[in-house]
Ligand code: ATP
Ligand code: MG
């Protein structure tokens, strides 16, 4: 499974609809300071369900929406679509291409879609659990993550291996079942 395309509109510095293609092999994003390189990786984490505005380098979720510039008015919503190649059937569903979309409005209202069908955030999180691609997964390595891998705290190290081993989904379901039993 690999990233094919990222479509960004109204997210951070990307006011206009911007499409980034990731052909096979390695893609490097280069550009001057402040040109939006990190905003691209923020967009990837955001569409995969990141809920922490701080980890997206903002104060509140609204900060991901294009705030306007000298020549442009602010925009009312941000939208990001990430398209993944699933020919390998890494995710065992009937699609060879998976597009996940997230939208957020200034009102705080959010919409999520998988292949253009409306869904819950939970469906996106579950879809990527154990694939190594979730927002907390090991395929996106940000600052501080390396330290986590090297961390002496066994709990933190274990989380990474559990994701790689593909058992996070079962642990999450178990937790949910236990929660329901308690209620
Ligand atoms: P560096 O090389 O310094 O790491 P970078 O290319 O990673 O730079 P980013 O951090 O991705 O740059 O982009 C920062 C730019 O994005 C800033 O100019 C900031 O004003 C702009 N920006 C962030 N959020 C918004 C927003 N909501 N609306 C408009 N512009 C935004
Ligand atoms: Mg940067």
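Each value in this text was obtained by applying a stated rule to the coordinates, not by laboratory testing. On a predicted model such as this, the values are computed, not experimentally measured, just so you know. Counting neighbours? That spans all protein chains shown, and the Cβs are built from the backbone with ideal geometry, glycine included.
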Problem set entry | On Cα atoms only, tilt of 168-182 relative to the major axis of the chain in degrees | 80
Exercise. Expressed as an acute angle from 0 to 90° and rounded to the nearest 10, what is the orientation of the C-alpha long axis of helix 37-47 relative to the principal long axis of the chain?
Worked result: 50
Problem set entry | Mean projection area, nm², convex hull over Cα of the range 77-183 | 9.2
Exercise. What share of all Cα pairs of the chain, in percent, falls into each consecutive 5 Å distance bin?
Worked result: 1, 7, 14, 19, 20, 17, 12, 6, 3, 1, 0, 0
For this session: Calculate the length of the line joining the C-alpha centroid of the range 9-41 to that of the range 112-183, in whole Å.
Result: 25
Problem set entry | the chain: most fluctuating residue of 92, 32, 74 per GNM, C-alpha cutoff 10 Å | 32
Problem set entry | Structure-based [θ]222 nm, the chain - -39500 (n - 2.57) summed over DSSP H runs of at least 4, per residue, nearest 500 | -8500 deg cm²/dmol
Problem set entry | Rounded FRET efficiency, nearest 0.05, which uses the C-beta distance separating residue 69 from residue 149 and R0 of 30 Å | 0.20
Seminar exercise, completed: Residue span residue 107 to residue 87: 0.36 nm per residue of separation minus Cα-Cα distance leaves a gain in nm of 3.4 nm
Exercise. Under a point spin-label approximation (7 Å from Cα along Cα-to-Cβ), what is the residue 140-residue 97 distance to one decimal in nm?
Worked result: 2.2
Problem set entry | Long-range tail of P(r) for the range 39-100 (Cα pairs > 16 Å, %) | 56
Problem set entry | Mean shadow area of the range 7-85, taken as a quarter of the surface of its Cα convex hull (nm²) | 5.8
